[in-house]
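Asker: Following this message is one structure expressed as structure tokens.
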Amino acid sequence: MGKGSEKSLAEMVAEVTNDGTENTSTQNVKSVNGFKVFKENLEIYTGVKGQGLAIWVPSEVKKQVEMLCAKAKTNIPIRSMAAAMIMAFIEEHRRELNNL
């Protein structure tokens, strides 16, 4: 898979949160399972105490995550949202990531 066909984390989040996105049934199942893992991770990382470590992201990525947190029905800390997204992606694509 070439770099031009890879999706950014922001694009993947937009696809999951966009009601108008059309996917094949296989992609829908993968998205549903990925979103389930995301929600499980969100529960794990919400309320985690401690300072944590910094990861630098482009300001546009941070803005996208902040917008998702602001639109959430409950108060979700940005670091919980980001950690859940990253871990869900890692869990779903571990094999591909190990082959980088």
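The values are calculated or read from the model by the stated rules, or taken from the named source; none is laboratory data. Just so it is clear, the model here is predicted, and its values are computed rather than measured. Please note: Cβ atoms are built from the backbone with ideal geometry, for glycine as well, and neighbour counts cover all protein chains shown. These accessible areas exclude ligands, DNA and RNA; they are computed on the full protein's heavy atoms, side chains included. Shrake-Rupley method; radii C 1.70, N 1.55, O 1.52, S 1.80 Å.
Asker: So is Val61 assigned to a loop (DSSP other than H, G, I, E, B) and either open to solvent by less than 70 Å² (accessible area, probe 1.4 Å) or touching a Ser or Thr at 6+ places or on another chain (Cβ under 8 Å) (or both) or not? Spell out how you get there, then give the answer.
Answerer: Working: assigned to a loop (DSSP other than H, G, I, E, B): no; either open to solvent by less than 70 Å² (accessible area, probe 1.4 Å) or touching a Ser or Thr at 6+ places or on another chain (Cβ under 8 Å) (or both): yes.
For Val61, the condition - assigned to a loop (DSSP other than H, G, I, E, B) and either open to solvent by less than 70 Å² (accessible area, probe 1.4 Å) or touching a Ser or Thr at 6+ places or on another chain (Cβ under 8 Å) (or both) - is not met.
Asker: Any residue at all in segment 66-73 that's hydrophobic (A, V, I, L, M, F, W, C), over 20 Å from Glu40 (Cβ atoms), open to solvent by 80 Å² or more (accessible area, probe 1.4 Å) and free of Cβ contacts under 8 Å to residues at least 40 places away in the same chain?
Answerer: First, the residues of segment 66-73 that are hydrophobic (A, V, I, L, M, F, W, C): 67-70, 72.
Within this subset, residues satisfying the condition of being over 20 Å from Glu40 (Cβ atoms) are 67, 70.
Filter once more, so that each one left must be open to solvent by 80 Å² or more (accessible area, probe 1.4 Å): 67, 70.
Now restrict to residues that are free of Cβ contacts under 8 Å to residues at least 40 places away in the same chain: 67, 70.
Among the residues of segment 66-73, at least one is hydrophobic (A, V, I, L, M, F, W, C), over 20 Å from Glu40 (Cβ atoms), open to solvent by 80 Å² or more (accessible area, probe 1.4 Å) and free of Cβ contacts under 8 Å to residues at least 40 places away in the same chain, which makes the answer yes.
Asker: Return the residues of segment 48-84 that are farther than 20 Å from Phe35 by Cβ and hydrophobic (A, V, I, L, M, F, W, C); say none if nothing qualifies.
Answerer: Val48, Leu53, Ala54, Ile55, Trp56, Val57
Asker: If you don't mind, another one. So which pairs qualify, if the first residue must be in segment 35-55 and assigned to a loop (DSSP other than H, G, I, E, B), the second must be among the charged types (D, E, K, R) and open to solvent by 60 Å² or more (accessible area, probe 1.4 Å), the Cβ gap must be under 7 Å, and the two must be at least 6 apart or on different chains?
Answerer: Every condition considered, the pairs that remain are Gly52/Arg79.
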